[in-house]
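Worksheet: one structure, shown below.
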Amino acid sequence: MASGGRRRARWTTLAAGVLALALATAGCATADDAGSSRLTAATRSARATSPVTKLVVVMVENHSLAQMRSGMPWTFRQAKRFGYATDYHAIRHPSLPNYLAIAGGSTFGVTDDQPPADHPVSGRSVFGQALAAGRTATVYAEGMPGRCSPVDGGHRYAVRHNPWTYFVDERRGCRHHDRPMSSLAADAAAGDLPNAGMVVPNTCHDAHDCGLAVADRWMKHTLRTLRSGPDWSQGRLAIVVTADEDDRHSGNRVLTVVLHPGVRHVVVKDRLTHYSLTRLYDEVLGTPYLRKARHAPSMATAFGLTVGG
């Protein structure tokens with residue numbers, strides 16, 4: 001072979017090697033906070049279109065959309081990466097009516113933050129409805145001194161932030177499935193997250209008693225935990241982050257984030273409320289709409305989620 005041919009062959013071999021190295025390096029890279037391993041195009045497409053059969057809601061306390069956007073930078077990066085709503089409203093003040101609205105599709109006439117002994121609620125919650133339909137439900141309450149605790153205590157546990165404890169017809173299910181947060185990591189890793197779930201931080205980590213920076217760090221750890229297992233990687237799990245109410249100065253408009261592998265860079269400008277979140281639970285479960293959820297705008301439609309199945 002002539003010297004020119006040998007040079008061309010060497011360059012061809014070198015170029016092929018560089019290209020192979022570049023492709024291998026790109027294949028090993030992962031996106032920031034992706035929460036999952038490298039996927040083929042076919043797997044990514046299948047995951048994105050998998051129906052959502054599990055919904056976990058993670059709560060923040062008493063901060064508006066603007067406050068959360070500026071004070072929780074990591075959380076808002078997730079909002080921009082996945083999806084968030086700009087016109088999502090809590091129902092009223094104070095905290096408890098909003099938690100009841102999410103869990104039951106109604107405030108049940110409650111206008112204060114008194115414990116379950118003062119506000120026994122009859123009828124079904126989204127959690128009880130899940131169990132009745134043969135699905136699973138769990139509330140993970142951080143710092144709670146015992147399962148389904150109806151009083152404050154433990155480590156910064158506030159019963160007013162744990163709505164299932166108020167539903168008197170579901171006490172048996174609550175005592176079994178409303179539990180401290182210590183089991184969350186194992187459930188996520190094993191693919192055993194519930195069909196209807198809620199994560200209730202203690203009153204420091206939810207930004208009620210501590211700053212938003214503390215809540216943001218806690219949220220980073222918690223969302224990474226939720227996204228560590230097969231429920232997330234296989235597209236079964238959607239996660240919603242929202243606040244119970246604002247600081248009483250912003251029209252009760254709060255930041256609400258929807259995370260799912262198939263949701264990318266979605267900004268929803270339609271008006272949504274906590275009753276829309278109740279409706280999303282119902283749609284994921286494939287169960288009848290609870291109370292005011294029937295007429296609430298659909299979050300599944302707004303964010304392009306395929307639900308049920």
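The values are calculated or read from the model by the stated rules, or taken from the named source; none is laboratory data. Everything quoted here is computed from the prediction, not taken from an experiment. Cβ: placed from backbone, ideal geometry, glycine included. Neighbour counts: every protein chain shown.
At a glance:
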item	result
Subset of segment 263-276 that is buried (at least 19 other Cβ atoms within 10 Å of the Cβ) and out of contact with any strand residue (DSSP E or B) (no Cβ under 7 Å at 6 or more places or on another chain) - its residue that is nearest to residue 216 (Cα to Cα)	274
Tally of residues being assigned to a loop (DSSP other than H, G, I, E, B) and of a type in the set (Phe, Trp, Tyr) across segment 80-95	1
Filtered residues of segment 96-123 (kept if part of a helix (DSSP H, G or I) and farther than 16 Å from residue 241 by Cα)	96, 97, 100, 104
Residue 247 vs. criteria assigned to a loop (DSSP other than H, G, I, E, B), in contact (Cβ under 8 Å) with a residue 60 or more places away in the chain, surrounded by fewer than 18 Cβ atoms within 10 Å (Cβ to Cβ) and in contact with a strand residue (DSSP E or B) (Cβ under 9 Å, 6 or more places away or on another chain)	no
Conditions (1) within 16 Å of the chain's Cα centre (by Cα); (2) in a helix (DSSP H, G or I); (3) not hydroxyl-bearing (Ser, Thr, Tyr); number of the one not met by residue 239	(2)
Residue 284 vs. criteria touching a residue at least 12 places away in the same chain (Cβ under 8 Å) and in a helix (DSSP H, G or I)	yes
Every residue from segment 130-171 that is among the acidic types (Asp, Glu) and under 18 Å from residue 285 (Cβ atoms)	169, 170
The listed residue being surrounded by fewer than 18 Cβ atoms within 10 Å (Cβ to Cβ) and either in contact with a Cys (Cβ under 9 Å, 6 or more places away or on another chain) or closer than 30 Å to residue 265 by Cα (or both), out of 172, 147	147
Flag for residue 123 being out of contact with any Pro (no Cβ under 7 Å at 6 or more places or on another chain) and either modelled with pLDDT under 95 or within 17 Å of residue 104 (Cα to Cα) (or both)	yes
Failed criterion for residue 279 (all others in (1) of a type outside the set (A, V, I, L, M); (2) closer than 24 Å to residue 91 by Cβ; (3) in contact with a strand residue (DSSP E or B) (Cβ under 8 Å, 6 or more places away or on another chain); (4) not in a strand (DSSP E or B) hold)	(3)
Residues satisfying the stated conditions in segment 37-79, i.e. closer than 24 Å to residue 192 by Cα, outside any helix (DSSP H, G or I), among the polar types (S, T, N, Q) and at pLDDT 85 or above	53
